[in-house]
Amino acid sequence: MVDPRRLIVLAAIVLLALGTGTAAASPPKSKTIAAVPAAPPPPPFEPLPPPKVYLFRGAMGPIFSTGMDRLSEKLTQAGFSADVYEFTLCRLIGNRAIASYREKAAPIVLIGHSMGGLCSIVISEMAAKENIPISLVIAIDPAHATGDVPLNVERFINIFLSDSVLGGGDVVTVPGFRGHYASYDLKENARVSHINIEKSDDIHRQIVGMVTQLPRIPPQTQADAVPLRYLVPADTLVELWDSGVRVPVRRGDTMESIAAANRVPLWTLAQSNSLPENAQLTPGQTIIIPRHLTPLEPAASMATPPAAPAGRR
């Protein structure tokens, strides 16, 4: 006869085993977390069509603005559509440029000497009313009456002589301008005058380089573009930076080390930041450094400008 107490113990063991199996078969439920879709990557940058370049002579251009013709030839040889006009045709050419852009949206580049510099701003204003961007404007000793740079201009460079009677236009931007801006006053360079400033082969070389680079430059955040205004020291040649950028100072940085690391003259840092060339810097401080459209090639160098004719005009 089976002992009833043993039956009770066996039943307890069976119930315990069944309970354990049930727990193992039913694991605790976990909360389901919805997957967050990843942001799509930005579309790859596609180079723009080649720019169309419009150049404008000053008053008595065939005599005093012949450098614009030479620059036009160099741009044409580089493969660009580059035509030179008298400033008196300003609005007519402006309407043509607007119509051409509507037909095919290629970047517009405007380059003008003396009254031609004024014309470049006039055409920019015409394009602004039509919501058409201007990729680059270069004014070379523009007339004093030249207006302000409108908001539709993406990059503006002014190379001028502030003491020039025939030119001397210190062109500024309209309030709210957020593009790239650089101004170069060459009044301290006795070798440069109003009637030879547009003939500089070195300036021509840099302009051709900028126009060549324009279609390949991805859109930059204009909010980080710092305007540059330089009084270029005597016997120092102009280097066409298009704006400045702020960089943080690291421990051990000096004005000289930052200038050397970025391959810019020390005087540019002093002027951009309103600091002496031997200023003591603090880590975390920001310094404005001039920049090019793309990094400058190591072999690039500045050539001597042409000698000025007797007596500056």
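The values are calculated or read from the model by the stated rules, or taken from the named source; none is laboratory data. All of these numbers come straight from a predicted model, not from anything done at the bench. Note that we place each Cβ from the backbone using ideal geometry, even for glycine, and neighbour counts take in every protein chain shown. Areas reflect the complete protein model, heavy atoms only, side chains present, ligands, DNA and RNA absent. Shrake-Rupley method; radii C 1.70, N 1.55, O 1.52, S 1.80 Å.
Just a few scattered comments:
- Search result, residues across region 193-205 that are open to solvent by 20 Å² or more (accessible area, probe 1.4 Å) and either under 19 Å from Phe80 (Cα atoms) or among the small types (Gly, Ala, Ser) (or both): Asp201, Arg205
- Residue check, Gly116 crowded, with 24+ Cβ neighbours inside 10 Å, touching a Ser or Thr at 6+ places or on another chain (Cβ under 9 Å), touching a residue at least 40 places away in the same chain (Cβ under 8 Å) and not in a helix (DSSP H, G or I): no
- Residues that are hydroxyl-bearing (Ser, Thr, Tyr) and either farther than 29 Å from Pro50 by Cα or surrounded by 23 or more Cβ atoms within 10 Å (Cβ to Cβ) (or both) within region 136-192 comprise Thr146, Ser162, Ser164, Tyr181, listed in sequence order.
- Candidates Arg191, Arg178: the one that is touching a Pro at 6+ places or on another chain (Cβ under 6 Å), touching a residue at least 24 places away in the same chain (Cβ under 8 Å) and of a type in the set (D, E, K, R) is Arg191.
- Residue count for region 170-180, restricted to those that are out of contact with any Leu (no Cβ under 7 Å at 6 or more places or on another chain), at pLDDT 95 or above and either in a loop (DSSP other than H, G, I, E, B) or under 16 Å from Gly112 (Cα atoms) (or both): 4.
- Count of residues meeting criterion [crowded, with 18+ Cβ neighbours inside 10 Å and either closer than 20 Å to Gly167 by Cβ or not hydrophobic (A, V, I, L, M, F, W, C) (or both)] in region 66-95: 10
- Qualifying residue in region 238-245 (condition: more than 29 Å from Leu48 (Cα to Cα), more than 16 Å from the chain's Cα centre (by Cα) and surrounded by 17 or more Cβ atoms within 10 Å (Cβ to Cβ)): no
- Residue in region 206-213 that is aliphatic (A, V, I, L, M), open to solvent by 20 Å² or more (accessible area, probe 1.4 Å) and touching a strand residue (DSSP E or B) at 6+ places or on another chain (Cβ under 9 Å) present: no
- Looking at region 183-274, the helices (runs of 4 or more DSSP H) lying wholly inside it that each contain 1 or more residues that are within 27 Å of Ser135 (Cβ to Cβ) and basic (Lys, Arg) sit at 201-213.
- Scan of region 252-297 for residues that are surrounded by fewer than 16 Cβ atoms within 10 Å (Cβ to Cβ) and basic (Lys, Arg), ordered by number: Arg263
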